[in-house]
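Heads up: the structure comes next, in structure tokens.
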Amino acid sequence: MCSLVQKYNIPGPRYTSYPTVPYWDLNSFSGKNWEESVQQSFKATNSKEGISLYIHLPFCESMCTFCGCHKRITKRHDVELPYIKAILREWKLYRNLFSEKAIIKELHLGGGTPTFFSPENLKLLIEGIFRFADRAEGAELSFEGHPNNTTFEHLQALYDVGFRRVSYGVQDYNETVQRAIHRVQPFENVKKVTDWARAIGYSSVGHDIIFGLPHQTMEHVEETILKTKELQPDRLAFYSYAHVPWMKGNGQRGYKDSDLPSAEEKRQQYEKGKALLLEVGYHEIGMDHFALKSDSLYNSMKTGRLHRNFMGYTASKTSLMVGLGASSISDSWYGFAQNVKSLEEYQHLVKNDIIPIFRGHILTEEDQIVRRHVLNLMCNFETSWDKNRLYLDEFDAILNRLKEMEADELVKITEHCIKITGKGRPFVRNICMAFDLHLQRKAPETKLFSMTI
């Protein structure tokens, strides 16, 4: 495995979209064709599957140095109401594009730190969203909670407006690692908020754990997994730290490359953590995710409904995902659009009744075919095609790029099908890169992606 790690540990996308953001065609994109793609998607799917909402709440009281998300560090809470009003105004701009009342199937609050906001203001936000929308049967509402500032009142208020899933950012329980990433939170804090959620009635509690962090050792990972075992979260994200210090706005320059585990050590950390999780009843879901049999993520994997988008893995697919808030990304299935990142510019644009996007991409027919293959590989670890379905003229070149991976027993290739082996699952990003026609036609001139291992 070590030699394979050395061989395939290269910069590569995580494929929460295809095409990936650096390859969006900005020149042919416009607000008009984006709005048309939203209307097309909404008309075709709202009554059948509903839509998803992702709401970005960017405020944090302190900087976590492992984080690459767009955020605003502040201790001033008078920013909450103006921002909520801006989100509701943006939601109105999208509703103006819809031909009927939206049916919301999924809603997720991400950040930043959603629990930076008071329980009262979060409730105000959600009630404002549903004042002009219906809930789909079995709608899933979820949010990200910080163990240090999530209160019982936060959990109760969101439960009262329909939330049944919460995920907590744990990262690692070792204090040395926590200090390095500026995220000190005792196990007792995580246990408390996990117990509260279950007592209130949440059906799914998730924990996020990261391997490959600065100063992190195998013993630290084992300790974190064993403590996680005590709390038995329903699902887990156990993923590789993405070291991208060249990206603007994060704090990753606070430690040296030499403080990080090597690629081989990272892979060993993952394999050990994975083995421990499987021992106690978790099942591997897609890439870097695990769930108990009782969780909806496991059920969606077994029934072939697992989906992946900018929110990560989700238990069901909606063709239209509207991203609200500064820096949010929307997906109409036919196109992508990202909101401006500056809070001030975001609030100014929505105040002037302008959907606040600044870049995007409308998918070509080829893009849509490749996207399906990438989704199949990321969600099901296999994909297939024939002359009438998901066929690409470039298949000879794609299969040629996979020949070495086939020789390394990472994939099995038949006439019209590719299956990723158990040995190949850690390299799923590399396998998707063989399908990534934008990446193959034009390699990035500068380093844009984190390492695949």
### Task
Within the range 140-171, track down each residue that is part of a strand (DSSP E or B) and on the phi > 0 side of the Ramachandran plot.
Q171
### Message
Being within 20 Å of D353 (Cβ to Cβ), modelled with pLDDT of 95 or more and among the aliphatic types (A, V, I, L, M): is that true of L81 here?
### Response
yes
### Task
Output the helices (runs of 4 or more DSSP H) that fall wholly within the range 281-390 and possess 2 or more residues being free of Cβ contacts under 8 Å to residues at least 12 places away in the same chain, of a type outside the set (K, R) and at negative phi, or say none.
343-351, 365-380
### Query
Hey, among the residues in the range 352-368 that are open to solvent by 70 Å² or more (accessible area, probe 1.4 Å) and hydrophobic (A, V, I, L, M, F, W, C), which one's nearest to H416 (Cα to Cα)?
F358
### Message
If S142 satisfies all but one of (1) within 18 Å of the chain's Cα centre (by Cα); (2) open to solvent by 10 Å² or more (accessible area, probe 1.4 Å); (3) of a type in the set (G, A, S), what's the number of the condition it fails?
### Response
(2)
### Query
Does I210 satisfy the criteria of being over 23 Å from the mean Cα position of the chain (by Cα) and either open to solvent by less than 60 Å² (accessible area, probe 1.4 Å) or aromatic (F, W, Y) (or both)?
no
#### Entry: Positions within the range 369-390 being under 28 Å from A315 (Cα atoms), open to solvent by 20 Å² or more (accessible area, probe 1.4 Å) and basic (K, R), in sequence order
R372, R389
### Message
Under 9 Å between Cβ atoms, which residue pairs at least 6 apart in sequence (or on different chains) link something in the range 162-190 that is within 20 Å of H243 (Cα to Cα) with a partner that is of a type in the set (D, E) and in a strand (DSSP E or B)?
### Response
G169/E144; G169/D208; V170/D208; Q171/D208
### Task
Say whether the condition of being under 30 Å from K317 (Cα atoms) and over 19 Å from the mean Cα position of the chain (by Cα) is met by at least one residue in the range 236-251.
no
### Query
Across the range 172-182, which residue is nearest to H289 (Cα to Cα) among those that are open to solvent by 10 Å² or more (accessible area, probe 1.4 Å) and touching a helix residue (DSSP H, G or I) at 6+ places or on another chain (Cβ under 9 Å)?
Y173
### Task
Would you point out which residue out of E106, E137 is at pLDDT below 95 and assigned to a strand (DSSP E or B)?
E137
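Results for (1) open to solvent by less than 10 Å² (accessible area, probe 1.4 Å); (2) in contact with an Asp or Glu (Cβ under 9 Å, 6 or more places away or on another chain); (3) assigned to a helix (DSSP H, G or I); (4) at pLDDT below 90, shown as yes or no for each residue.
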position: L392; (1), (2), (3), (4): yes, yes, no, no
position: A397; (1), (2), (3), (4): no, no, yes, no
position: R401; (1), (2), (3), (4): no, no, yes, no
position: A434; (1), (2), (3), (4): yes, no, yes, no
position: L448; (1), (2), (3), (4): no, no, no, yes
### Query
Do we find a residue being outside any helix (DSSP H, G or I), surrounded by fewer than 21 Cβ atoms within 10 Å (Cβ to Cβ) and of a type in the set (V, I, T) anywhere in the range 110-130?
no
#### Entry: Condition check for T224: open to solvent by less than 60 Å² (accessible area, probe 1.4 Å), modelled with pLDDT of 95 or more and touching a helix residue (DSSP H, G or I) at 6+ places or on another chain (Cβ under 6 Å)
no
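Does K229 satisfy the condition of being assigned to a helix (DSSP H, G or I), farther than 18 Å from R429 by Cβ and either open to solvent by less than 30 Å² (accessible area, probe 1.4 Å) or at pLDDT 90 or above (or both)? Steps first, please.
Details: assigned to a helix (DSSP H, G or I): yes; farther than 18 Å from R429 by Cβ: yes; either open to solvent by less than 30 Å² (accessible area, probe 1.4 Å) or at pLDDT 90 or above (or both): yes.
Yes; evaluated as a whole, the condition is true for this residue.
Give the residue that is least open to solvent (accessible area, probe 1.4 Å), with candidates limited to residues of the range 403-419 that are of a type outside the set (A, V, I, L, M, F, W, C) and either more than 28 Å from S3 (Cα to Cα) or in a loop (DSSP other than H, G, I, E, B) (or both).
So the residue we want is D408.
The values are calculated or read from the model by the stated rules, or taken from the named source; none is laboratory data. Here the structure is a predicted model, which is why all the values come from computation and not from measurement. Heads up, the Cβs are rebuilt from the backbone with ideal geometry, glycines too, and the neighbour counts pull from every protein chain shown. Note: areas computed on protein heavy atoms with side chains; ligands, DNA, RNA excluded. Shrake-Rupley method; radii C 1.70, N 1.55, O 1.52, S 1.80 Å.
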